[in-house]
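Colleague: One structure, pasted below without further comment.
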Amino acid sequence: MAALMHIMNPMFKQMCLLDEQPVRQAIQRLETSRIQIAFVLDAADRLVGVVTNGDIRRFLLEGGQIADSVRLCMNRSFRSVPEDSSREDLLKLLDLGLNAIPRLDAAGRLIDVVTPSSLPTVPEAPVLVRSRAPARVSFGGGGSDVTYFFVDQPGAVLSTTISLFCHVTLIPRNDTEIHLHSEDIGIVQRYVSIDDLQIRLEQNSLLAATVSVIRPSFGFELYARSDFPIGSGLGGSSAVTTAVVSAFNELRLDRWTPYEIAEVSFQAERLCFGVAGGWQDQYASAFGGFNLIEFDGTRNLVHPIRLDEAIVDELEECLILCDTEVTHESDAIHRAQRVDFDKGKIATDLKDAVDVCRKMHHHLIRGELAEFGRSLHAGWQLKRALTSTVSNARIDEVYSAAMSAGASGGKLLGAGGGGFFLFFVEPRFRRAVTESLKSAGCRLSAFRFESRGVVSWRTKLI
């Protein structure tokens, strides 16, 4: 008998015989076959026919003998499929009533038999994970989200997320090595294991700090890139950590909630990486959309804001986002603010900022956008008074140019010192304000509001 090396499933070898073997052998094959069919091959393992109990019965009734060659009673008209047939095609044939479908290679050799129970499931393929976390714009209350303030006084921040993202790709490896690719700054860090990363943890690596908190048990390649520049004031570092945490969360059986994602991100960025700042950015990026975020000594709560679509669309049209082309160090500004707070200088200003934030919330949900825009101005005046590092001559120049051209109000996003400005402008003044900002050396940035927070998904590794 032929070697039958081309048959993938050993169980089906017992269902095969050569065309020169006697009918007696076919009967024996059928007695041991649960699908009651035998496959007849030639000397080259090519499938030339099939035999069932009905074929043998008719052959014997017509005078055939069990010692005769099986080729005399086999059925030469049979249904087969090529080896590259899709799973969908096989399912359709089985659903039409075929209970055994031979699969043949290009030479016509039998390589497998497909039955309802043997049809393999889709094999598990290697996967990669992608995640995307939005940046945020904070309208009011910034500075009240730091723990040293809200542990005694309630804080509140009004913010939304926009269509500028940090993108993360996570590719598991078959070994313990960890490769971190910071595409925005062109740096690649390599570690032989998570223990090696913990030992060599660099203070200037946000990715390494985040991974050290998560402590994955496998090796991987991690790529991170952003749609916004470093030091933009858009909560970019929090978007990075949130996206990284979410990518690993995609592989967990017990998924973290948005609150837990924000907390792990806060731990990585503020405590492990050591950048001073508040809590709002992590919550904003994790939850997404318009939110009033409240902080106190017992719990932090994110209150999603439901707005009429017309309000959202009109607000989007009335806002101008521009880059001052001046980077800032939020860590230094927050540390200076903490010093002033400890000296008792800014507690009242922070309380007033919370009051303005709640007024802005009131105006927003009622669609009172003109009042909302003017509140931006009030909030900025409070913010720039917190500490001398919040503003500077360049920032004051840009703000003055926008207001002189007709802006109702605006604020510098983030801790201050540089980055992006957000202005509220009524329609009739929009062109004048944009031209004034361009003349002041600012670069305008198009954006849309983003209703979703951080998202993650798996896809097959190509």
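Colleague: Do we have Arg79 as closer than 20 Å to Gly108 by Cβ, touching an Asp or Glu at 6+ places or on another chain (Cβ under 7 Å) and surrounded by fewer than 18 Cβ atoms within 10 Å (Cβ to Cβ) here?
Modeller: Details: closer than 20 Å to Gly108 by Cβ: yes; touching an Asp or Glu at 6+ places or on another chain (Cβ under 7 Å): no; surrounded by fewer than 18 Cβ atoms within 10 Å (Cβ to Cβ): yes.
Here the answer is no, as Arg79 does not meet what is asked.
Colleague: Do any residues in the range 436-462 that are at positive phi have Cβ atoms under 7 Å from those of residues that are modelled with pLDDT under 95 and open to solvent by 30 Å² or more (accessible area, probe 1.4 Å), where the two are at least six apart or on different chains, and which pairs are they?
Modeller: Gly441/Glu325
Colleague: Find the residue count for the range 173-197, including only residues that are more than 22 Å from the chain's Cα centre (by Cα), part of a strand (DSSP E or B) and under 16 Å from Val213 (Cα atoms).
Modeller: 1
Residue-by-condition table, conditions (1) open to solvent by less than 10 Å² (accessible area, probe 1.4 Å); (2) of a type in the set (A, V, I, L, M); (3) in a loop (DSSP other than H, G, I, E, B):
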site: Ala209; (1), (2), (3): yes, yes, no
site: Glu221; (1), (2), (3): no, no, no
site: Gly231; (1), (2), (3): no, no, yes
site: Ser237; (1), (2), (3): no, no, no
site: Ala247; (1), (2), (3): yes, yes, no
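Colleague: Within the group Leu321, Leu292, Leu307, which residue is open to solvent by 30 Å² or more (accessible area, probe 1.4 Å) and either within 25 Å of the chain's Cα centre (by Cα) or among the aliphatic types (A, V, I, L, M) (or both)? Explain how you work it out, then say what you get.
Modeller: Details: Leu321 fails: open to solvent by 30 Å² or more (accessible area, probe 1.4 Å); Leu292 fails: open to solvent by 30 Å² or more (accessible area, probe 1.4 Å).
Unique residue meeting the criteria: Leu307.
Colleague: All but one of (1) under 30 Å from Glu250 (Cα atoms); (2) crowded, with 17+ Cβ neighbours inside 10 Å hold for Leu461, so report the exception by its number.
Modeller: (2)
Colleague: How about the range 271-289: which of its residues are crowded, with 24+ Cβ neighbours inside 10 Å, modelled with pLDDT of 95 or more and out of contact with any Pro (no Cβ under 9 Å at 6 or more places or on another chain)?
Modeller: Within the range 271-289, Gln280, Asp281, Gln282 meet the criteria.
Colleague: With respect to Asp331, is the statement that it is assigned to a helix (DSSP H, G or I) and free of Cβ contacts under 8 Å to residues at least 24 places away in the same chain true?
Modeller: No: the conditions fail for Asp331.
Colleague: Which residues, counting only those in the range 121-155, are part of a loop (DSSP other than H, G, I, E, B) and surrounded by 12 or more Cβ atoms within 10 Å (Cβ to Cβ)?
Modeller: Here is the first cut: in the range 121-155, the residues part of a loop (DSSP other than H, G, I, E, B) are 121-126, 141-146, 151-154.
The answer is Gly141, Gly142, Gly143, Ser144, Asp145, Val146, Val151, Gln153, Pro154.
Colleague: If I ask for residues that are open to solvent by 10 Å² or more (accessible area, probe 1.4 Å) and either at pLDDT 90 or above or under 24 Å from Pro229 (Cα atoms) (or both), which ones from the range 97-120 would you list?
Modeller: Across the range 97-120, the qualifying residues are Arg103, Leu104, Asp105, Ala106, Ala107, Gly108, Arg109.
Colleague: Just the residues that are within 18 Å of Gly236 (Cβ to Cβ), open to solvent by 10 Å² or more (accessible area, probe 1.4 Å) and of a type in the set (A, V, I, L, M), please, taken from the range 403-453.
Modeller: Answer for the range 403-453, where residues must be within 18 Å of Gly236 (Cβ to Cβ), open to solvent by 10 Å² or more (accessible area, probe 1.4 Å) and of a type in the set (A, V, I, L, M): Ala415, Ala446.
Colleague: While we're looking at this one, here's another question. Is one or more of the residues making up the range 387-397 among the basic types (Lys, Arg), buried (at least 17 other Cβ atoms within 10 Å of the Cβ) and either within 24 Å of Ser330 (Cβ to Cβ) or modelled with pLDDT of 95 or more (or both)? So that I can check it myself, show each step before the final result.
Modeller: Within the range 387-397, the first condition is being among the basic types (Lys, Arg), and the residues that meet it are 394.
Among the residues that remain, those that are also buried (at least 17 other Cβ atoms within 10 Å of the Cβ) are: none.
Scanning the range 387-397, I find no residue that is among the basic types (Lys, Arg), buried (at least 17 other Cβ atoms within 10 Å of the Cβ) and either within 24 Å of Ser330 (Cβ to Cβ) or modelled with pLDDT of 95 or more (or both), so the answer is no.
Colleague: Within the range 355-364, track down each residue that is surrounded by fewer than 23 Cβ atoms within 10 Å (Cβ to Cβ), touching a residue at least 12 places away in the same chain (Cβ under 8 Å), under 34 Å from the mean Cα position of the chain (by Cα) and more than 9 Å from Leu292 (Cβ to Cβ).
Modeller: The answer is His363, and nothing else.
Colleague: Which ones in the range 166-179 are of a type in the set (A, V, I, L, M, F, W, C) and surrounded by fewer than 23 Cβ atoms within 10 Å (Cβ to Cβ)? Full working, then the answer.
Modeller: If we filter the range 166-179 for residues that are of a type in the set (A, V, I, L, M, F, W, C), which is where we start, we get 166, 168, 170-171, 178.
Residue satisfying the conditions is Ile171 alone.
Colleague: What number of residues within the range 340-354 are touching a residue at least 40 places away in the same chain (Cβ under 8 Å), of a type outside the set (D, E, K, R) and farther than 28 Å from Ala407 by Cβ?
Modeller: Final tally of qualifying residues: 2.
Colleague: Among the residues of the range 233-264, write down those that are in contact (Cβ under 8 Å) with a residue 12 or more places away in the chain and among the β-branched types (Val, Ile, Thr).
Modeller: Going through the range 233-264, the residues in contact (Cβ under 8 Å) with a residue 12 or more places away in the chain turn out to be 233-251, 258-259, 261-264.
Of everything in the range 233-264, those that are in contact (Cβ under 8 Å) with a residue 12 or more places away in the chain and among the β-branched types (Val, Ile, Thr) turn out to be Val240, Thr241, Thr242, Val244, Val245, Ile261, Val264.
Colleague: Report the residue count in the range 112-169 for those that are under 30 Å from Pro82 (Cβ atoms) and among the small types (Gly, Ala, Ser). Spell out the reasoning first.
Modeller: Initial filter on the range 112-169 (under 30 Å from Pro82 (Cβ atoms)): 112-127.
Now drop any that are not among the small types (Gly, Ala, Ser), which leaves 117-118, 125.
Looking only at that region, the number is 3.
The values are calculated or read from the model by the stated rules, or taken from the named source; none is laboratory data. Since we're looking at a predicted model, the values are computed, not measured. Please note: Cβ atoms are built from the backbone with ideal geometry, for glycine as well, and neighbour counts cover all protein chains shown. Surface accessibility is based on the protein's heavy atoms, side chains included, excluding ligands, DNA and RNA. Shrake-Rupley method; radii C 1.70, N 1.55, O 1.52, S 1.80 Å.
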